[in-house]
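In what follows, a structure is listed as structure tokens, so that the remarks can point back to it.
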Amino acid sequence: MTSELERTLESLLFLSADPVPAAALSDATGAELHEVVTALERLREHYDFERRGFVVRELAGGYTLSSHPEAEGAARRLLAKPRTPPLTAAQAETLAIVAYLQPVSRPEIARIRGVSAESAAGTLLERGLIDAQAAADINMKSAVELLFAAGFSTADATSDISGRGVFAGRIMACGGRDVRHRRLR
């Protein structure tokens, strides 16, 4: 599989959760429809010949990448494990405020957010992402855990193009004061 078109189609199918019609793939790649269909067939043959874990399937009027049928048992075991649901917007805002202002009291969090933070803070406590201290102050359990919970892999990933941290931007968006000078402890 060396064709640039095949590589691009593979990427597009990987990114799409739903089957993609060949015409949409043709539009996205700028290739002719017959070239796209031929490349998809070559991609399907490549996966089959190499005994890869993916297969290209024609489904619901489009094409999709899916796992090989032989991996079904392992996939069911993996997906049967309970997963922690992602943070809600309120939980993410509360976590961002705690990260920048720690230690911070629940009333201060509520003042910044403009609504009660009891439910969000309770869930964050249950998940172990924050600790409640004496005098009702809340601290981050670990800055690293915060980054992983937010989907980052390194501290470098938290700064955006303007140099202001992602979390500072979220706090500013929810009416908080400018906290660029604060750092995670």
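Only the coordinates and a few stated rules stand behind these numbers; no lab work does. These numbers come from a predicted model, not from an experiment. Don't worry about glycine lacking a Cβ; one is built from the backbone with ideal geometry, like all the others, and counts go over all protein chains shown.
Highest average first, the peptides 115-125, 24-34, 77-87 ordered by how many other beta carbon atoms sit within 10 Å of their residues are 115-125, 24-34, 77-87. Over all directions, the projected convex hull of the C-alpha atoms in the stretch 39-96 averages 7.0 nm² in area. Between the listed residues 33, 68, 22, the Cα displaced farthest toward the positive end of the dipole of the stretch 4-79, a dipole computed from Cβ unit charges relative to the Cα centre, is found at 68. Remark on residue 63: its backbone amide H falls under 5 Å from those of 20, 22, a criterion applied only to residues 5 or more positions apart or on other chains, H modelled at 1.01 Å from N.
Here the stretch 1-101 is assigned +1 on the Cβ of each Lys and Arg and -1 on the Cβ of each Asp and Glu. Its dipole about the Cα centre then comes out at about 660 debye. Here 109, 97 are placed in order of increasing Cβ neighbour count within 10 Å, fewest first, which gives 109, 97. Amide H contacts for residue 54 (H built 1.01 Å from N in the peptide plane; partners 5 or more residues away or on another chain; cut-off under 5 Å): 68. Shown here are the Rg and Dmax of the Cα trace of the stretch 4-79, at 12.7, 41 Å.
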